[in-house]
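Working notes, beginning with the structure itself.
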Amino acid sequence: MVFSFIVIPLLVAAFLPLIGKFSKKLLPDLLTNAALAFLVFNSILLVKPIFNQGVIVQNLNWLGEKVNLQVALDGFNLFMLFTISLVSLCISLFSIDYLEHYGHKSTFYALFLVMIAGMNGLVLVPDLFSIYLFLEVAAVASYALVAFGLGYDELEASFKYLMLSVVASAFALLSITIIFGMTGSLNFQAVAQGLQDLGARTVLGVCVAFFIMGFGLKAALVPFHAWLPDAHPSAPAPISAMLSGLLIKVSGIYALFRIIYSVIGMTPVLSQLLMALGTVSMVVAALLALGQKDIKRMLAYSSISQVGYIVLGLALGTPLGIAGALFHLFNHAVAKGLLFLNSGSIQHITGTRNLDELGGLGKMVPVTAGTNLVGALSIAGVPPLAGFWSKLIIIMALIQAREFGYALVAILASILTLWYYLLIQRKAFFGRVSEKWLQVKEAPFWMSAANLVLALVCVLVGIFFTPIFKTWISPAAEALARGIQQVLMWGL
Amino acid sequence: MVIQIILLCGLVIFSGLAILLKDLLKAALALAAASLFLGIIFFRLSAPYAGVFEISVVAGLITVLFILTIALTRKGDEVTEARLVKLAFPIFLILFLIIDGLVMKSLLQKIPALPSGPERGTFGEVLWKQRTFDLVAQVGVILAGVLAVLALFRKKEEDKDE
């Protein structure tokens, strides 16, 4: 059932603080992971119906009375739900051991599940105002999770994140308000129809600008990226993985492109503007990542750069570009989740994230070193790992659309990516072991297991690229492309 | 008429309290109460959507954000703001007024008038039957706010124990 993606995490989150009173570890661990495993299973079960029917619309009755609880599931939503559920499950497995020194597991898991419910809700609702509300559900939970460590840095980063995120939400809400004022509706289909009838291009242009500012801030696109390199490294490792792997994509990229493709319509000017923003993010953030000494800060800049690739592909608007971008979205979510979790393992093992202090850890912690290498090479686009295929498709789509300049920049940025990831690998894991690290041991079981699962996904998706692309990515890209066709027909 | 006066007085009193109260938490709650009155006034002026949004966003969601922000601060902390930050609000206000005066009027004129009133139904119908999903999200926001306060205040309790 589609509603379970929102209801189950919320229900478990509501009971967890009570359960935490008499079981501090076992039950919170078990319940959270079971709920997320169920969501992964549920999303896999929904593949077949979506493959056959294209779209599933579900209405909910409440005590026999029909209420307006409607969700519309298409290939794009399902793809996002699967990505969220899978990466969240691995992150929550990692948290079993990682959270031991933080304590208060039940509160952490409850906030974690509310954030997931917010993201799932955002993905499922076909209504502009509900998008804003679920955006806030995920955001409020994430502010608290960033500050969960309660140190000075965490609180400062959370406050900065909160302030900029509120500005982002305000821009999005302003735009939604203007659209509601013009069309008298908030439902995607009705708004799209209303905008078609009105043809108010100037006002619509202002709305699009506000959406780009609002969701651009959420997605941390350059020049709206200032908050991310502070917020993501300060959070506990599982939350950094959630924010970089999922939240910026769902509340930034998904929301922006869903509204553009299903409601407003992509125009050549908008496409060029977003492609330029994506390219600038890709290059500037990659250059900034090169100079970082803190692993998590480097990974945070890398997230901005990789989001640039996704925006470039989606903004191109061709079926191949969209498919490549969505595939890269999945690959980046998995690989960046893995790398942030790995950085948590490194910090857990050594007590530091400073690359200058590390060195030669590969011999002492082979699982962490190996999984880190897989994640790094996947994001950098080295064959046969998953990231290689998605970057290849984006570059092929750019060449097919005769955007040779963008294709060249994408290739060059990929080389920069490989450069800074090899820097991490060389400084942290290769070379001679410093005497300081001779006694270090591999990360605890669940932390290593979660890293291994994510690394395995990077490898297997790369090897079984063709069937996975056909089953998951193509229906998602088709669902978005259908949105484009509808809007293009109106001549907007 | 009497109800209208009571609602307007409530709005003014609670708005005033929101500014005058020195305790930030009480000020935030007073603002929420003011929004509640405003929401009811919107509804009585035949704008149920605006009423529902005012109550759900300002009285519900924004209050959660305020309480969360207050939770992130510590009692007795010195607030040393840079001069730039102190200047930011007046500069922003002046810029907003200039942009508002120059752009918004002409922009608003370009928004075509709606052919008919889009909002129908009683408060209950709008809230329960038309915007039901918003309620689920509200529950999520309030739950997140409560959990956030639980998470962020936990150290203070430990300090007290020590």
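The values are calculated or read from the model by the stated rules, or taken from the named source; none is laboratory data. All of these numbers come straight from a predicted model, not from anything done at the bench. Neighbour counts run over all protein chains shown; Cβ positions are idealised from the backbone, glycine included. SASA here: full protein model, heavy atoms, side chains in, ligands and nucleic acids out. Shrake-Rupley method; radii C 1.70, N 1.55, O 1.52, S 1.80 Å.
A few points about this structure:
- Any hit, the range A:229-239, residues being within 25 Å of A:G151 (Cβ to Cβ), within 12 Å of another protein chain (Cβ to nearest Cβ) and assigned to a helix (DSSP H, G or I): yes
- Against the numbered list (1) out of contact with any Ser or Thr (no Cβ under 9 Å at 6 or more places or on another chain); (2) more than 30 Å from A:N342 (Cβ to Cβ); (3) of a type in the set (A, V, I, L, M, F, W, C), A:L128 comes up short only at (1).
- Looking only at residues of the range A:461-471 that are open to solvent by 80 Å² or more (accessible area, probe 1.4 Å) and not β-branched (V, I, T), we find that the one that is nearest to A:S378 (Cα to Cα) is A:F464.
- Scanning the range A:140-162 for residues that are small (G, A, S), open to solvent by 10 Å² or more (accessible area, probe 1.4 Å), within 7 Å of another protein chain (Cβ to nearest Cβ) and farther than 21 Å from B:L143 by Cβ turns up nothing.
- Close pairs (9 angstrom Cβ cut-off, 6 or more residues apart or separate chains): over 23 Å from A:F5 (Cα atoms) in the range A:138-152, part of a loop (DSSP other than H, G, I, E, B) and open to solvent by less than 10 Å² (accessible area, probe 1.4 Å) anywhere: A:V146/A:A235; A:V146/A:P236; A:A147/A:A235; A:F148/A:A235; A:F148/A:P236; A:G149/A:A235; A:G149/A:P236
- Evaluated against (1) modelled with pLDDT of 85 or more; (2) in a helix (DSSP H, G or I); (3) in contact with a Phe, Trp or Tyr (Cβ under 7 Å, 6 or more places away or on another chain), A:V382 falls short on exactly one condition, (2).
- Criterion applied to A:F171, A:F112, A:F129 was being at the interface with chain B (Cβ under 8 Å from one of its Cβ atoms) and either buried (at least 24 other Cβ atoms within 10 Å of the Cβ) or touching a helix residue (DSSP H, G or I) at 6+ places or on another chain (Cβ under 7 Å) (or both), and the one residue passing it is A:F129.
- Taking each residue of the range B:120-146 that is part of a helix (DSSP H, G or I) and modelled with pLDDT under 80 and looking for partners that are open to solvent by 20 Å² or more (accessible area, probe 1.4 Å) and among the small types (G, A, S) with beta-carbon atoms closer than 8 Å, six or more apart or interchain, yields B:K129/B:G121; B:Q130/B:G121.
- The single condition among (1) under 22 Å from A:A237 (Cβ atoms); (2) at pLDDT 90 or above that A:L423 does not satisfy is (2).
- Residues considered: A:Q58, A:Q70. Of these, the only one that is within 13 Å of chain B (Cβ to nearest Cβ), closer than 30 Å to A:A323 by Cβ and open to solvent by 60 Å² or more (accessible area, probe 1.4 Å) is A:Q70.
- Hits in the range A:182-200 (condition: of a type in the set (A, V, I, L, M), over 13 Å from A:D127 (Cβ atoms) and either more than 8 Å from chain B (Cβ to nearest Cβ) or touching a His at 6+ places or on another chain (Cβ under 9 Å) (or both)): A:L195
- Candidates in the range A:1-23 are the residues that are surrounded by 14 or more Cβ atoms within 10 Å (Cβ to Cβ) and over 28 Å from the mean Cα position of the chain (by Cα); of these, the one that is farthest from the other protein chains (Cβ to nearest Cβ) is A:S23.
- Of the residues in the range A:36-49, at least one is under 14 Å from A:S88 (Cβ atoms) and either within 14 Å of another protein chain (Cβ to nearest Cβ) or not hydrophobic (A, V, I, L, M, F, W, C) (or both).
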